[in-house]
Each structure stands twice: as structure tokens, then as C-alpha cells.
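Have a look at the structure below before the remarks.
The values are calculated or read from the model by the stated rules, or taken from the named source; none is laboratory data. Predicted, not measured: the structure shown is a model, and the values here were computed from it. When we count neighbours, we look across all protein chains shown, and the Cβ atoms used for this are built from the backbone with ideal geometry, even at glycine. Surface areas here come from the heavy atoms of the whole protein model, side chains and all, with no ligands, DNA or RNA. Shrake-Rupley method; radii C 1.70, N 1.55, O 1.52, S 1.80 Å.
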Amino acid sequence: MALDIAFYLILAAILVSAFAAIHVRGHLNAVIILSVFSVLTTVKFTFLQAVDVAMAEAVIGAGLMTALFVTAISKTRKRTWRAR
Amino acid sequence: MESPVIRVFLTRLTAGFLCLLLSLGFVVLLLDAGRHRAQTIPTQMEEPYTARSVAETGSINVVTAILMDYRAFDTLGEATVIFASVAVAAAILGKPGSPSNRTMGLLSRRQLSALLPLFFIFPLFVIFHGHLSPGGGFQGGVSLAVLVILIHVAFGDRFGEEVIPHRILALSEYGAAIGLVGIGFVGIFQGSAYLANVAAGFPRGTAGTLASGGVIPLLNLLVGMKVAAGLSSIYVHLAGHEAENVPEKRR
């Protein structure tokens, strides 16, 4: 049952990280927390034995989306780069 | 006659209630999936695919068999979506100009120049073994795009433009798109459906070996090429775009 508890902990962490990504201050922080959300979702998909989807989620959510969002933020508002 | 304050409050209340309802439904769905994950979930479509896909397509990865054989037309649609997004990004952001020369530190660059060839093993493995192991053209292609972005970020946009010119990215995307559509017509010329695999006369091969699955490895390669070139050219357009209406500051 230890695996079950770990699975529910991951589900709770997904919820917490999703709320945090919306409510955190600063665009850059939100993007990083969104990539944490993607990594947790990857773990969840692996638990559910959907390895193909897990791979796509890891590569797109944690890799590509973070890179594109950070680039877009750095192109639009330079002030958010500084720590707030 | 209600005041604007009350109207705003009611709107927020309704929106909050709807969000709560949606998230509750999602939580119930997730808990249900968690409860059922050890057992097999009987569905109508599961049995035919898992029972027949190896014999019909020669691919032991059922997900790839569905994506590249039974539902290959949908995969073509996904590739078209990426093509459209690249076209829109190029139209809005314009021609990439003024590549910045900001690079990572010396230590990161030396380390990456030793490790980068090893990094390329994973996406190529995922693409070429798409019909044998989890993964496929889409996942491997996105990994390749992320590696191209890594080269741009680590060694500067000018070096990235020298190593992988934007023209080559565009050419490989067009080539892969034309190849995907062209392979589909082979099925029609052979008297079968569009994008047909074994029915169009492609050799099935021995299931489990690298050269098996008929046209599936070729489709994986083309989709991987197309996704990698498309997504990395989105990044190139974004990185080469000059920021507008921003007071120039030294960082």
C-alpha cells in the first residue's frame, strides 16, 4: 500500500502545484512551477503505465514549454527577470 | 436595479462555483483512475487492438501501431497543426534578425561540448525504435527540438545559426511534410486506403526486429524530422525577434 500512498501524494502535489502556478507572483516563478507540474504529471503517467504519454509530457511540458515561455518573457518584459 | 458591485460579485461567484465543480469532477476522475490502475479496464476498443495489432502491423508497440497505422490520418492532422503554428509564429514574429551573442559560462560550454553528442543518442533511439519501445516520432522530434534550443541557449544564437541554419530547418520541415503526404498516396496507388500500411504492400517484417512494421519506421522518421524542425524554428523565430516598446537596459 506504500505505492498507493505515494500515488495520492503525487496527485495532491499536482493540485498544489497547479494552484501555485496560477497564484504565484512573477511570470518566471509561474513558468518554473508549471514545469514542476509537468514533471509530477509525468510521474503520475508512469504510475498509470502510460509511458508514451509520460515521455511526451516530460519533453513538451518540462522542456520545450519552459524554454519557449522563458524566451517569450525575456523578450517582452525585462523587469520580471529581476527577483521580485 | 442592481449595482455594478453586486453584478461583479455575482459573476465571480458563478465563475468560482463553476471552477469548483469542474475541479471536483476532475479529482473524482483521477481518484477513479487511481483505484482502477491495478486492474484492467475493459473497453470496447482495447481488445481488438491489443489482440490483432502485432499480426496486422508488425509493430509490437501498440500505441505506435495505432498512431502510425490505424490512425495515421490523425497523425497527419497533428503534423498539420504544428505546421500551422510554425507558419503563424513566422508570420507574427517576422524574419529572425539580430541574433544575440549571449552565451552560458565557460564551464557550461566546455561540459556541454563534451556531452552533447551523447544527448543526441536518446531522441534518435526513441525515433528509430518507435515501433519497438515506448516513444515514437513525436516524442523524439520534440527532444531533438529541445537539443537545438539547448545549442542556441548555451553557445549563442549566432553559433546556433551557423551550425543549424534556419534554411535547413525550413527545408527539412517542408521535405518531411511532402514525404508524409506522398507516402499516403502509395496506399491509393496500390488499391488500398490513404496511408495504408501492410494492405498497401509494405513488407511487414519479423515483429520485434528493427526492420519491421512496414511503413511505420519511415513515418516515425518523417514525423520526427518535421516536429523537430518545426518546433526549433518556432524558437529561432522567437529568439531572433527584437523586443518592442522596451526601454533598453544593461543587464
Of A:V16, A:V59, the only residue that is more than 12 Å from chain B (Cβ to nearest Cβ), in a helix (DSSP H, G or I) and within 12 Å of the chain's Cα centre (by Cα) is A:V16
Could you please find all residues in segment A:19-53 being outside any helix (DSSP H, G or I) and either within 27 Å of B:S143 (Cα to Cα) or among the hydrophobic types (A, V, I, L, M, F, W, C) (or both)? A:V24, A:L48, A:Q49, A:A50
Flagged in segment A:61-75 as open to solvent by 50 Å² or more (accessible area, probe 1.4 Å) and β-branched (V, I, T), in numbering order, are none
How many of the residues making up segment B:195-230 are surrounded by 15 or more Cβ atoms within 10 Å (Cβ to Cβ) and more than 22 Å from B:S133 (Cβ to Cβ)? 6
Given the residues A:V39, A:V51, A:V43, A:V24, which is the only one that is touching a Pro at 6+ places or on another chain (Cβ under 7 Å) and open to solvent by 40 Å² or more (accessible area, probe 1.4 Å)? A:V51
Qualifying helices (runs of 4 or more DSSP H) (wholly inside segment B:123-194; at least 1 residues being without any contact (Cβ under 8 Å) to a residue 40 or more places away in the chain and surrounded by fewer than 15 Cβ atoms within 10 Å (Cβ to Cβ)): B:157-163, B:166-189
Residue set B:S59, B:S85; condition within 14 Å of chain A (Cβ to nearest Cβ), open to solvent by 30 Å² or more (accessible area, probe 1.4 Å), under 23 Å from the mean Cα position of the chain (by Cα) and among the polar types (S, T, N, Q); output residue B:S85
